[in-house]
Amino acid sequence: MGKEEFNEKEVFIEKVLIPSFIGLVDKNIYKIVYDISGKIIFATNKAAKSLGFDNWLQIKDKKLSEFSTKNEELFKEIEHIRELVINKQQVIDYLYFAEFSKNFDVQLVSHAPIFMPNGEVLGSSSTSTRFWLFNLKHLFNRLYKKSLVSEEDEIHLSNRQEEILFLIMIGFSQREIAIVLKISRGTVAKIIAQDICPKFKINGSSTKLLIQKALNLNYPKRIPNFNLVKPQIIIINHLFK
């Protein structure tokens, strides 16, 4: 790349690109913009905080590989995706399973190339949002004339109760739940019968009825915070080829 061409890109980034995004800096959006080398040239403060920083200026001109984090391997994979976006000049969508705001959750990320007016690739931009992985009934409620679930139906579960309900709803038996959570089967049965079922207004401990009622109330709402779930990335574009 010639010096003149480099200066042209730098001017475009400083005078056009960053000003076009700066209005988003304090918005409730996860967004990061990279130059062609992978340096961060803009990010929303929300995205910066998800990386452990106070504001986006603390990560400006840095690469993800420079951050010391437990998600280092994921960052390497994101860097690989960024390179694919640049080289193939196409959008790549992926699911990002990791910890967000102290909760293990799933983000749907769209990573797209950014072009100069002459069509040359300048960098890339990633935007992410929470992805409702499990139950789509909440979406039907939005489309339906009358919501099937009211705010009064909201049920508050402890972390342990949420873990057990989650495992029940993805098909685990009480014995398997006990092994997974490293507790006795009797403890699992007791929590189901004495703690979880009463909250769903179920007499007894019918797993079938519990699953049915939980689905009607849009459970599970998220992935519980336990060590079984491995942070990872799944590229959606590959799933539908």
On a C-alpha basis, how far is the centre of region 114-131 from the centre of region 37-55 in Å? Whole number, if you could? 16 Å
Using θ = phi - 60° and the Karplus relation 6.51 cos²θ - 1.76 cosθ + 1.60, list the HN-Hα couplings for region 34-50 in order, rounded to whole Hz, with x at every Gly or Pro. 10, 7, 5, 8, x, 6, 7, 9, 6, 7, 6, 4, 5, 5, 4, 5, 5
Among 129, 187, which comes first, then next, by fewest other beta-carbon atoms within 10 Å? 129, 187
As a footprinting exposure proxy, order 166, 115 by other Cβ within 10 Å, with the fewest listed first. 115, 166
Could you give the nm distance between label points at residue 158 and residue 206, where each point is 7 Å from its Cα heading toward the beta carbon? 2.6 nm
With the cut-off at 31 Å, tell me which of the pairs 190/230; 60/230; 39/230; 62/88 have Cα atoms farther apart than that. none
Could you put 80, 156 in order, starting from the residue whose Cβ has the fewest other Cβ atoms within 10 Å? 156, 80
Counting sequence-distant residues (5 or more places) and residues on other chains, those with an amide H built under 5 Å from that of residue 114 are 122, 123, 124, 125
Per the rule of 0.36 nm per residue minus the C-alpha distance, extending residue 20 to residue 87 adds in nm 21.7 nm
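Values quoted throughout were computed directly from the atomic coordinates according to the rules given, and no laboratory measurement underlies them. All of these numbers come straight from a predicted model, not from anything done at the bench. Quick reminder, even Gly has a Cβ in these numbers, built from the backbone with ideal geometry, and neighbours come from all protein chains shown.
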